[in-house]
Amino acid sequence: MSSRTSLELHLDDSIIQAARATGLLDTPPEESFERLTRLASQLLKCSVSFVTIIDKDRQFFKSARGLAEPWQSKRETPLSHSFCQHVVASGSSLRIKDARREERFRESPAIPDLGVISYLGVPLRSQGTSVGALCVVESEPREWTDSELNTLEDLAAAAMTEIELRVTSGQLQATVQKQNELLGMAAHDLRNPLMVVRGFAALLASERSGLPESQRKMAESIVRSTRFMSSLVDNILDLQALRVSKLSLHLEQLEASQYLPPILEANRVLAELRGQQLEIGKIEPSTFVADRHKLEQVLNNLLGNAIKYSAPGTTIRFQYRPQPRPQFEVVDQGPGMTAEQIKHIFEPFCRGETHGQTGVGLGLAIVDRIVRGHGGSIEVSSQPGQGSQFTVILGNEGNRLHEPG
């Protein structure tokens, strides 16, 4: 008897790549393909039918009817058992009346193991390349007619339409993903220059700059424009973060008395421009571990919301507590929230209904993800008309650096 290797064809790598690109290998049964094998069995009056996708050393049954066990449950066989590999290699249909009487098939283990005596198969193509086959099988000799072949080819055309839809959808998703990545990188690169422009414009707009009022008003226009631009950039980055299944953190040890003041000073200037006061509790020298940029995003979001939703003349308070775990509190005198609103504020695209502010409601969803990524939690205390308090507590993951690996 010939060796198993001699029964396996050497398929071109382009065929294997095209087959894998369909995204069908090792996927569960689906009604669209189950319907095709069901129709093939009914129309051609066969007990066995299947849709195969060829891989490097196996054929995978995307759909199969009437196969003996264990093959029906395994949903694959080695290529040594595959007649479909010949259909794929040639790119044309294959009719076998009695495999036992044909030299290239008579030693195939598919005859005793799968009961393949007669076989009719047509290729399934993806973007012009044969990747599998739709076939019917009988356990006794059978002469296949041209009409039966035409029927199977019609059913195969429906299968190929389904395959092409999968491939096209996958390509579109890959393209969109690439575009999103490029957009995210561009947004990230824009963020820092915008923050610099906004910070200096805010300083020029303040009374302590010594500029005439007319010039301070021009600087205020720059602040408003850069604030709007920054919100657009943040929304792009926030959308990117929501698409990522796993948050990537770059943890480092931070000294609170050095890390926090620049962030707080920038927000103090913004508060003063709105006629508000930002009170900052004493920051004792202490260290904690966090992602520098993502924690800054959390603090800027919470302080920015407090400034945005608080009226002129009100006070916003910030307090840092190093023990027992790093804790950051932001308390405002804004409109407050109901218990029902609090339940949903960390959901993407959720925004307050009465605040009259622009935005898409992603900020707090990102804050929540970042804090949880640090192994921490965020607590909210609020009542309508009495302001809100947000408390971020970093967890164990935010108190130590991980060893590599």
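FYI, it's all coordinate maths here, none of it is from the lab. Predicted, not measured: the structure shown is a model, and the values here were computed from it. Positions of Cβ are generated from backbone atoms using ideal geometry, with glycine treated the same way; all protein chains shown enter the neighbour counts.
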Exercise. When the Karplus curve 6.51 cos²θ - 1.76 cosθ + 1.60 is applied with θ = phi - 60°, which whole-Hz ³J(HN,Hα) does each residue of the stretch 168-175 get, with x for Gly and Pro?
Worked result: 4, 4, x, 5, 5, 4, 5, 5
Problem set entry | Whole-Hz couplings from phi, Karplus 6.51/-1.76/1.60, listed for the stretch 313-326; x for Gly and Pro | x, 9, 10, 10, 10, 10, 9, 10, 10, x, 10, x, 10, x
Problem set entry | Percent breakdown of C-alpha pair distances by 10 Å bin, ordered from the shortest bin, for the stretch 248-347 | 14, 44, 33, 10
For this session: Give me the lysines in straight-line cross-link reach of residue 217: C-alpha distance below 29 Å, same-chain residues under 8 apart excluded.
Result: 308
For this session: May I ask for the angle, rounded to the nearest 10°, between helix 292-309 and the longest principal axis of the chain, with both axes built from Cα atoms and the value confined to 0 to 90°?
Result: 60 degrees
Exercise. Size of the stretch 5-167 along its principal axes in angstrom, Cα-based, largest extent first?
Worked result: 38, 35, 29
Seminar exercise, completed: Exposure proxy check on 222, 307: fewest-to-most Cβ neighbours within 10 Å is 222, 307
For this session: Could you pull out the GluC sites (Glu not before Pro) across the stretch 111-196 that fall in loop regions by DSSP (anything but H, G, I, E, B) with no more than 15 other Cβ atoms inside 10 Å?
Result: 143
Seminar exercise, completed: In the list (i) -0.37, -1.04, -1.18; (ii) -0.57, -0.88, -0.97; (iii) -0.43, -0.99, -1.11, the entry giving log10 I(q)/I(0) by the Debye sum over Cα atoms at q = 0.07, 0.12, 0.13 Å⁻¹ computed from the coordinates is (ii)
For this session: Give the distance, in whole Å, between the Cα centre of the stretch 167-214 and the Cα centre of the stretch 67-87.
Result: 55 Å
For this session: Please arrange 337, 218 by counting, for each residue, the other beta carbons lying within 10 Å of its beta carbon, fewest first.
Result: 218, 337
Exercise. Arranged by the count of other C-beta atoms within 10 angstrom, fewest first, what order do 48, 122 take?
Worked result: 48, 122
Exercise. Using Cα atoms only, what is the angle between the long axis of helix 31-44 and the major principal axis of the chain, expressed in degrees (0 to 90) to the nearest 10?
Worked result: 10 degrees
Seminar exercise, completed: Helix-only [θ] at 222 nm, the chain, -39500 (n - 2.57) per DSSP H run of 4+, per residue, nearest 500, equals -15000 deg cm²/dmol
Exercise. In nm, what is the difference between 0.36 nm times the number of residues separating residue 113 and residue 292 and their Cα-Cα distance?
Worked result: 58.2 nm
Problem set entry | Pairwise FRET efficiency - residue 171 versus residue 139, Cβ, R0 = 60 Å, nearest 0.05 | 0.90
For this session: Return the lysines within reach of residue 74: Cα separation strictly under 18 angstrom, same-chain partners fewer than 8 residues apart disregarded; answer none if there are no such residues.
Result: 56, 62
